Amino acid sequence: IYYNWNFIWIPAGEVLFKVTDEGDQYHLSAKGKTYSSYEWFFKVRDYYESYIDKETLLPRLTIRDIEEGKYTLYERVEYDQAAGTGIGWRGKSREEAMDRPGEFEIQDCLHDVLSAIYFMRNLSFKSTEYGDEFDITVFMDRKEYPLGVKYLGKHERKRIKGLGKFDVYEIAPEVVAGDVFSDESDMRVWASTYDSHLPLQIESPLSVGSVKAVLKAHSNLRHQLPLE
């Protein structure tokens, strides 16, 4: 992860994504942390987990454990997608959250942040035309956010720092405006055109500055990514 401040890209941290096969479901996780050299500016220790149904790729259980500067959050959500209901716990810590259960109704095909990423990686863009859009609804902070995703075409031999050149699909996902992203944030994702649809580079402006994520390494892909 690189943070841009006054036109200088600063290495800020790393995120590790992992998928584990657990029978009829996948266990997804994402663990992000800032480098020690960056933490004088802003410290991050974020952990996301999602257990998703193999057939639908919809979440059954979501866990967020967040530490960003002085802000902390623990959130656990259990979904009954068939019944259209869920139960959630939310607080500044796990102990506080577990004392605050809350039930809610959910609409069909409701994703969390992680399941949305892997759902989009399983879409086929071979017959998609420039400017086509599709919607995906994400549940976060006890709210449903219907977000649009726009397809911006296929590009040949885009250079990815440290990896080489690749044929990529470019997509522009809508973001949830708030403390991190502004209403004007314009995220771009470049994913490999190979069957893995591996995200190679992501860029987005923030409320202050901008951020860029670049793939550093990968392993155990179902569809291997040819390096060039």
Within the bounds of the stretch 35-42, is there any residue that is part of a strand (DSSP E or B) and over 20 Å from the mean Cα position of the chain (by Cα)? no
Given the criterion touching a Phe, Trp or Tyr at 6+ places or on another chain (Cβ under 9 Å) and either in a strand (DSSP E or B) or over 19 Å from Arg76 (Cα atoms) (or both), identify the matching residue among Lys31, Lys18. Lys31
Can you tell me which residues in the stretch 99-117 are assigned to a loop (DSSP other than H, G, I, E, B), open to solvent by less than 90 Å² (accessible area, probe 1.4 Å) and either modelled with pLDDT under 90 or of a type in the set (Gly, Ala, Ser) (or both)? Ile106, Gln107, Cys109
Give the number of residues within the stretch 81-98 that are surrounded by fewer than 16 Cβ atoms within 10 Å (Cβ to Cβ) and either small (Gly, Ala, Ser) or free of Cβ contacts under 8 Å to residues at least 24 places away in the same chain (or both). 10
Pick from Tyr151, Tyr145, Tyr130: which is of a type in the set (Ser, Thr, Tyr), free of Cβ contacts under 8 Å to residues at least 40 places away in the same chain and open to solvent by less than 30 Å² (accessible area, probe 1.4 Å)? Tyr151
For Ile202, state whether it is among the hydrophobic types (A, V, I, L, M, F, W, C) and either open to solvent by 40 Å² or more (accessible area, probe 1.4 Å) or at pLDDT 95 or above (or both). yes
How many residues does the stretch 189-211 contain that are over 18 Å from Lys161 (Cα atoms), in a strand (DSSP E or B) and among the hydrophobic types (A, V, I, L, M, F, W, C)? 0
Test Leu57 against the criterion of being touching a helix residue (DSSP H, G or I) at 6+ places or on another chain (Cβ under 8 Å), open to solvent by less than 30 Å² (accessible area, probe 1.4 Å) and either at pLDDT below 95 or not in a strand (DSSP E or B) (or both), and give yes or no. yes
For a quick check of your reading of the model, give me the residue pairs whose first member lies in the stretch 30-45 and is farther than 20 Å from Thr62 by Cβ, whose second is hydroxyl-bearing (Ser, Thr, Tyr), with beta-carbon atoms closer than 8 Å and at least 6 apart or on different chains. Tyr38/Tyr3; Phe42/Thr34; Lys43/Thr34
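Considering only residues that are closer than 27 Å to Glu49 by Cα and hydrophobic (A, V, I, L, M, F, W, C), look in the stretch 1-18 and name the one that is surrounded by the most Cβ atoms within 10 Å (Cβ to Cβ). I'd like the intermediate steps shown before the answer.
Step one: of the stretch 1-18, the residues closer than 27 Å to Glu49 by Cα are 1-3, 11-18.
Now drop any that are not hydrophobic (A, V, I, L, M, F, W, C), which leaves 1, 12, 15-17.
Values: Ile1: 20, Ala12: 22, Val15: 14, Leu16: 11, Phe17: 16.
So, considering only residues that are closer than 27 Å to Glu49 by Cα and hydrophobic (A, V, I, L, M, F, W, C), the one surrounded by the most Cβ atoms within 10 Å (Cβ to Cβ) is Ala12.
Among the residues of the stretch 60-80 satisfying the criterion of being over 28 Å from Val149 (Cβ atoms) and open to solvent by less than 60 Å² (accessible area, probe 1.4 Å), which is modelled with the lowest pLDDT? I'd like the intermediate steps shown before the answer.
Here is the first cut: in the stretch 60-80, the ones over 28 Å from Val149 (Cβ atoms) are 67, 69-70, 72, 74.
Keeping just the survivors that are open to solvent by less than 60 Å² (accessible area, probe 1.4 Å) gives 69, 72, 74.
On the way: Gly69: 91, Thr72: 95, Tyr74: 96.
By that ranking, first place goes to Gly69.
The values are calculated or read from the model by the stated rules, or taken from the named source; none is laboratory data. All values reported here derive from a predicted model rather than from experimental measurement. With ideal geometry, Cβ positions are generated from the backbone for all residues, glycine too; neighbour counts draw on all protein chains shown. Note: areas computed on protein heavy atoms with side chains; ligands, DNA, RNA excluded. Shrake-Rupley method; radii C 1.70, N 1.55, O 1.52, S 1.80 Å.
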